[in-house]
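K.L.:
Pasting a structure here, questions to come.
The values are calculated or read from the model by the stated rules, or taken from the named source; none is laboratory data. In this text, all values refer to a predicted model and were calculated from it rather than measured experimentally. As a convention, Cβ positions derive from the backbone with ideal geometry for all residues, glycine included, and neighbour counts pool all protein chains shown. We work out accessible area using only protein heavy atoms, side chains counted, and drop any ligands, DNA or RNA first. Shrake-Rupley method; radii C 1.70, N 1.55, O 1.52, S 1.80 Å.
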Amino acid sequence: IWQTVWLEPVAAQHIAQLKTTPDIDKKTVKVEVATNVCSPDKVEVKVFDGKNLVAKGAALNGVPVELTMPEDVKLWTPESPSLYNMEVTLYKDGKAVDQVKSYTALRKFSTHKDKNGITRLQLNNKDYFQFGPLDQGWWPDGLYTAPTDEALVYDLKKIKDFGYNMVRKHVKVEPARWYTYCDQLGLIVWQDMPNGGRGPAEWQMHKYYDGADAIRSAASEANYRKEWKEIIDYLYSYPSIGVWVPFNEAWGQFKTQEIAEWTKQYDPSRLVNPASGGNHYTCGDMLDLHHYPGPEMFLYDAQRATVLGEYGGIGLVLKDHLWEPNRNWGYIQFNTSAEATAEYLKYAGILKDMISRGFSAAVYTQTTDVEVEVNGLMTYDRKVIKLDESKLKKMNTEICNSLK
């Protein structure tokens, strides 16, 4: 069981699901309300800023509710993660029969060419450099399940403390509360599809792919499409989700252009990173390079945003905080925190210089050690912050603000 499970009584006629779509250009929020009845009499949606009612709307017979937000609407950003509370009521025969509470936010993810012709990622129609760690979501006392809710949110708070504005959720889907914490704390999420299936014969990182894509069985392909749609449906209304990542490093990669186009068509409100680390095709919204240990721009795409989807992996072994004392691994290893911090800052300086040349986002590997991987900013047990937090925060903040 990888999700929180609970039972609760519901009315015979009840609200089953909400799907909210903000539009900052029109200053509107569209709310689609799914119910367990074919044609509910009326659905009413109220939006609050704190306790103040700022928007209200209703619709009949399952039609989406369109809400007009105030002129001075607060936009969601990592620096100011403004959320609006939402109250949705279902009516039958003029009587309220069910009500749920939720929240929404107004923000926009897009791309745009800057004055130098470089395609940039944008947040709310402004160039915005996205920078954060690769986050695999493993715990020694729960493996793929956080031992407590406090543990679930702790990593995200530390990511913010380190000065990042984004997190790449790597080949895993978290419980709902994790995404709510990202919404509340202000972290843009790149959401991977978990790897599955066999990859193609070759992984070509350094050029556009000229081989044959993997061929999945009909059952495997159907399962991928079903689960990818379910993930997007499940996470659609979380404001923090900014990027969908269907494939990673050629693992199980198939029909890349078709999957990327379907993803963008199914959810036009997010950016699509078609293949993080390759195999590379000219589709989706970005070209994503992986390079360890230091940053390097060995390909560039003038039409899409060029991003560094993985780099770093600086290893530091700390005795008494290891999963396996005699077996550990990092892309490059150091003996002291000072040495590892200096290497991090060296790479960050290189990355900072590459932003003007075309990088529009970067992902550092990684938040914590994971079993034998000792390249985390924190130990696997979360008891030691391995690198100098204050020095990283200063540099990371400068990188995040580099396009403002």
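K.L.:
May I ask you to verify whether PRO81 is closer than 30 Å to MET354 by Cα and either at pLDDT 95 or above or open to solvent by less than 20 Å² (accessible area, probe 1.4 Å) (or both)? It would help to see each step written out before you state the result.
P.N.:
On the way: closer than 30 Å to MET354 by Cα: yes; either at pLDDT 95 or above or open to solvent by less than 20 Å² (accessible area, probe 1.4 Å) (or both): yes.
So PRO81 passes the test.
K.L.:
In addition: Pairs under 6 Å by beta carbon, first residue under 12 Å from VAL307 (Cβ atoms) and in contact (Cβ under 8 Å) with a residue 12 or more places away in the chain in the range 269-295, partner among the polar types (S, T, N, Q) and open to solvent by 10 Å² or more (accessible area, probe 1.4 Å), six or more apart or different chains?
P.N.:
ASP285/THR111
K.L.:
Something else about it: I need a count of the residues in the range 190-202 that are over 23 Å from the mean Cα position of the chain (by Cα) and buried (at least 16 other Cβ atoms within 10 Å of the Cβ).
P.N.:
The qualifying residues number 2.
K.L.:
Related question: Is it the case that the range 310-330 has a residue that's under 27 Å from ILE215 (Cα atoms) and either touching a residue at least 60 places away in the same chain (Cβ under 8 Å) or in contact with a Gly (Cβ under 8 Å, 6 or more places away or on another chain) (or both)?
P.N.:
Filtering the range 310-330 down to residues under 27 Å from ILE215 (Cα atoms) leaves 310.
With either touching a residue at least 60 places away in the same chain (Cβ under 8 Å) or in contact with a Gly (Cβ under 8 Å, 6 or more places away or on another chain) (or both) added as a condition, the list becomes 310.
So far as the range 310-330 goes, yes, one or more of its residues are under 27 Å from ILE215 (Cα atoms) and either touching a residue at least 60 places away in the same chain (Cβ under 8 Å) or in contact with a Gly (Cβ under 8 Å, 6 or more places away or on another chain) (or both).
K.L.:
On the basis of being of a type in the set (D, E, K, R), open to solvent by 10 Å² or more (accessible area, probe 1.4 Å) and in contact (Cβ under 8 Å) with a residue 24 or more places away in the chain, does ASP149 make the cut?
P.N.:
Details: of a type in the set (D, E, K, R): yes; open to solvent by 10 Å² or more (accessible area, probe 1.4 Å): yes; in contact (Cβ under 8 Å) with a residue 24 or more places away in the chain: yes.
Yes, satisfied.
K.L.:
Going through TYR154, TYR224, TYR179 one at a time, which residue ends up being open to solvent by 30 Å² or more (accessible area, probe 1.4 Å) and assigned to a helix (DSSP H, G or I)?
P.N.:
Sole residue among the options that is open to solvent by 30 Å² or more (accessible area, probe 1.4 Å) and assigned to a helix (DSSP H, G or I): TYR154.
K.L.:
Residues that are under 19 Å from TYR236 (Cβ atoms) and hydroxyl-bearing (Ser, Thr, Tyr), at least 2 per element: which strands (runs of 3 or more DSSP E) completely within the range 1-62 meet that? Walk me through it before giving the result.
P.N.:
Values: elements: 15-23, 28-35, 42-49, 52-59.
Fully inside the range 1-62 and qualifying: 15-23, 28-35.
K.L.:
Determine which single condition ALA275 fails, assuming it passes every other condition in (1) within 14 Å of the chain's Cα centre (by Cα); (2) open to solvent by less than 40 Å² (accessible area, probe 1.4 Å).
P.N.:
Condition not satisfied by ALA275: (1).
K.L.:
Restricting attention to the range 157-176, which residues are among the hydrophobic types (A, V, I, L, M, F, W, C), open to solvent by less than 30 Å² (accessible area, probe 1.4 Å) and either farther than 17 Å from GLN130 by Cα or assigned to a helix (DSSP H, G or I) (or both)? Steps first, please.
P.N.:
Looking only at the range 157-176, we keep the residues that are among the hydrophobic types (A, V, I, L, M, F, W, C), and these are 159, 162, 166-167, 171, 173, 176.
Now drop any that are not open to solvent by less than 30 Å² (accessible area, probe 1.4 Å), which leaves 159, 162, 166-167, 171, 173.
Once the filter is applied, which keeps residues that are among the hydrophobic types (A, V, I, L, M, F, W, C), open to solvent by less than 30 Å² (accessible area, probe 1.4 Å) and either farther than 17 Å from GLN130 by Cα or assigned to a helix (DSSP H, G or I) (or both), the range 157-176 yields ILE159, VAL171, VAL173.
K.L.:
Search the range 351-404 for residues being basic (Lys, Arg) and without any contact (Cβ under 8 Å) to a residue 60 or more places away in the chain, and hand back the single one that is least open to solvent (accessible area, probe 1.4 Å).
P.N.:
In the first step, residues of the range 351-404 are kept if they are basic (Lys, Arg); the result is 352, 357, 382-383, 386, 391, 393-394, 404.
Next cut, without any contact (Cβ under 8 Å) to a residue 60 or more places away in the chain only: 352, 391.
Numbers: LYS352: 79, LYS391: 112 Å².
Among those that are basic (Lys, Arg) and without any contact (Cβ under 8 Å) to a residue 60 or more places away in the chain, it is LYS352.
K.L.:
Within the range 306-316, is there a residue that is more than 17 Å from the chain's Cα centre (by Cα), among the hydrophobic types (A, V, I, L, M, F, W, C) and closer than 18 Å to GLU373 by Cα?
P.N.:
Within the range 306-316 (the criterion being more than 17 Å from the chain's Cα centre (by Cα), among the hydrophobic types (A, V, I, L, M, F, W, C) and closer than 18 Å to GLU373 by Cα), the answer is yes, since at least one residue qualifies.
K.L.:
Exactly one condition in (1) open to solvent by 30 Å² or more (accessible area, probe 1.4 Å); (2) closer than 30 Å to ILE159 by Cβ; (3) not aromatic (Phe, Trp, Tyr) is false for ALA105; which is it?
P.N.:
ALA105 satisfies all of (1) open to solvent by 30 Å² or more (accessible area, probe 1.4 Å); (2) closer than 30 Å to ILE159 by Cβ; (3) not aromatic (Phe, Trp, Tyr) except (1).
K.L.:
Would you say GLY252 is closer than 23 Å to GLN130 by Cβ and of a type outside the set (A, V, I, L, M, F, W, C)? Steps first, please.
P.N.:
Values: closer than 23 Å to GLN130 by Cβ: no; of a type outside the set (A, V, I, L, M, F, W, C): yes.
Criteria not met by GLY252.
K.L.:
Same structure again: Quick check on VAL33: is it over 12 Å from ALA105 (Cα atoms) and open to solvent by less than 50 Å² (accessible area, probe 1.4 Å)? Walk me through how you get there before you give the answer.
P.N.:
Values: over 12 Å from ALA105 (Cα atoms): yes; open to solvent by less than 50 Å² (accessible area, probe 1.4 Å): yes.
Judged against the criteria, VAL33 is a match.
K.L.:
Also, quick follow-up: Can you pull out the strands (runs of 3 or more DSSP E) entirely within the range 71-142 that have at least 2 residues that are free of Cβ contacts under 8 Å to residues at least 60 places away in the same chain and within 29 Å of TYR292 (Cα to Cα)?
P.N.:
Numbers: elements: 84-92, 95-104, 109-113, 119-123, 130-135.
Per the criteria, 109-113.
K.L.:
Related question: How do the pairs read when you match residues in the range 234-252 that are touching a residue at least 40 places away in the same chain (Cβ under 8 Å) and over 22 Å from TYR164 (Cα atoms) with residues anywhere that are open to solvent by 10 Å² or more (accessible area, probe 1.4 Å) and part of a strand (DSSP E or B), using Cβ under 8 Å and keeping only pairs 6 or more apart or on different chains?
P.N.:
TYR236/LYS19; SER237/LEU18; SER237/LYS19; SER237/SER102
K.L.:
Now, a different point. Looking at the range 101-122 only, could you name the residues that are more than 17 Å from ASP267 (Cα to Cα) and of a type in the set (Phe, Trp, Tyr)?
P.N.:
TYR103
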